[in-house]
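The values are calculated or read from the model by the stated rules, or taken from the named source; none is laboratory data. In this text, all values refer to a predicted model and were calculated from it rather than measured experimentally. Neighbour counts run over all protein chains shown; Cβ positions are idealised from the backbone, glycine included.
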Amino acid sequence: MAPSAAVASRVESLASSGIASIPKEYVRPQEELINIVNVFEDEKKTDEGPQIPTVDLKGLNSEDPAEREKCREELKKASMDWGVMHLVNHGIPDDLIDQVKAAGKIFFDLPIEEKEKHANDQASGKIAGYGSKLANNASGQLEWQDYFFHLIYPEDKRDLSIWPKTPADYTEVTSEYARQLRGLATRVFSALSLGLGVEEGRLEKEVGGLEELLLQMKINYYPKCPQPELALGVEAHTDVSSLTFILHNMVPGLQAFYDGNWVTAKCVPNSIIMHVGDTIEILSNGKYKSILHRGLVNKEKIRISWAVFCEPPKEKIILKPLPELVTETEPARYPPRTFAQHIQHKLFRKSQEALLSK
């Protein structure tokens, strides 16, 4: 793609061009438009309906076995009921999180021409780097979002040549965040394993362990949108990952589909949002939920989120319900597949659903 064409295709370019209405390829289908709301108004509603739970992880490190058990039970309940939650007292220092957010914001504040030096090339399969969503999703529509995508852990699998050079501390703070987040993932896997009645290290082993589990970071940049009631930053989906951890710049946008309604996530200070992904839903034979969610945009504030997807290796592991969880009364709900096969099946199924709904 020539630089001029690439720049023209960025959502940021569109947003800053002064347009009053969005191009038709960004307008969502009618059935989605009826439930797109003003995200700021929706976030303020505190007494209407269910709210995404907040789980305090402080008890996981307690000397008191009863405290540890209580914390594990809360994590288990949130994972079974919702599959998404705000984690507080997660153990990652607030100042490190602030540095990660500052570094990502500085990169996205660069002129588009500078960011284009890190552009990916999705047509050739090079998805790491700076990009925008192509029209290959279920609806054929585009999402109001630019992003930067790269593998951040394990360290020996990274390609630092594509990492932003500006700001100068980007690599240092992102690497440290990846290390600490990997430790948090282990603690969550352990608690969720015990919640299923299997040995503590089981889920982590089943998704690749320290050597093979990949942490992929996607910094999502949602520019101001002149017609937010017609667009989505991210269309409705479940994560294919095992776990997903999300930071954001305290601008609301995340919605989860719970009990037949879209629920807007509150902005909880010093929290990390965690999603249970498809991989853990499969291993748990559906006991833990991978919830449908999406991202709204607005016309007042830029939203940035930092999503880290913890993904098993694509071909090395067969994902299927743990044998201990399969019984005559609870047969396996998912067929054995590699992670790559799951992704392909999911894309195919979504495209089939899109065709059938037309």
Of the residues in region 33-73, how many are in contact with a helix residue (DSSP H, G or I) (Cβ under 6 Å, 6 or more places away or on another chain), assigned to a helix (DSSP H, G or I) and polar (S, T, N, Q)?
-> 0
The residue that is surrounded by the fewest Cβ atoms within 10 Å (Cβ to Cβ), considering only those in region 12-22 that are touching a residue at least 60 places away in the same chain (Cβ under 8 Å) and assigned to a loop (DSSP other than H, G, I, E, B), is 20
Give the residues of region 97-119 that are buried (at least 16 other Cβ atoms within 10 Å of the Cβ) and either among the polar types (S, T, N, Q) or touching a helix residue (DSSP H, G or I) at 6+ places or on another chain (Cβ under 9 Å) (or both), sorted by residue number.
-> 97, 99, 100, 103, 104, 107, 108, 112, 115, 116, 118, 119
Would you check which residues across region 87-110 are closer than 20 Å to residue 244 by Cβ and of a type in the set (Lys, Arg) and list them?
-> 101
Tell me, yes or no, whether region 176-197 has at least one residue that is surrounded by 16 or more Cβ atoms within 10 Å (Cβ to Cβ), in a strand (DSSP E or B) and out of contact with any Leu (no Cβ under 9 Å at 6 or more places or on another chain).
-> no
Test residue 86 against the criterion of being assigned to a loop (DSSP other than H, G, I, E, B) and under 26 Å from residue 263 (Cβ atoms), and give yes or no.
-> no
Before we move on, is residue 257 in contact (Cβ under 8 Å) with a residue 24 or more places away in the chain and more than 23 Å from residue 92 (Cβ to Cβ)?
-> yes
Positions within region 311-330 being touching a residue at least 40 places away in the same chain (Cβ under 8 Å) and assigned to a helix (DSSP H, G or I), in sequence order | 324, 325
Identify all residues within region 16-48 that are over 24 Å from residue 250 (Cβ atoms) and among the charged types (D, E, K, R); write none if there are none.
-> 24, 25, 28, 31, 32
In the set 78, 123, 138, which member is farther than 28 Å from residue 228 by Cα and modelled with pLDDT under 95?
-> 123
Going by the structure shown, is residue 308 part of a loop (DSSP other than H, G, I, E, B) and crowded, with 21+ Cβ neighbours inside 10 Å?
-> no
Considering region 234-246, residues that are crowded, with 23+ Cβ neighbours inside 10 Å and in contact with a helix residue (DSSP H, G or I) (Cβ under 9 Å, 6 or more places away or on another chain), and then whichever is farthest from residue 298 (Cα to Cα), we arrive at 242
Being under 18 Å from residue 78 (Cβ atoms), outside any loop (DSSP other than H, G, I, E, B) and not polar (S, T, N, Q) is the filter here, so list the residues in region 261-301 that pass it.
-> 263, 272, 273, 274, 275, 276, 278, 280, 281, 283, 293
Taking region 89-115 only, how many residues are assigned to a loop (DSSP other than H, G, I, E, B) and among the hydrophobic types (A, V, I, L, M, F, W, C)?
-> 2
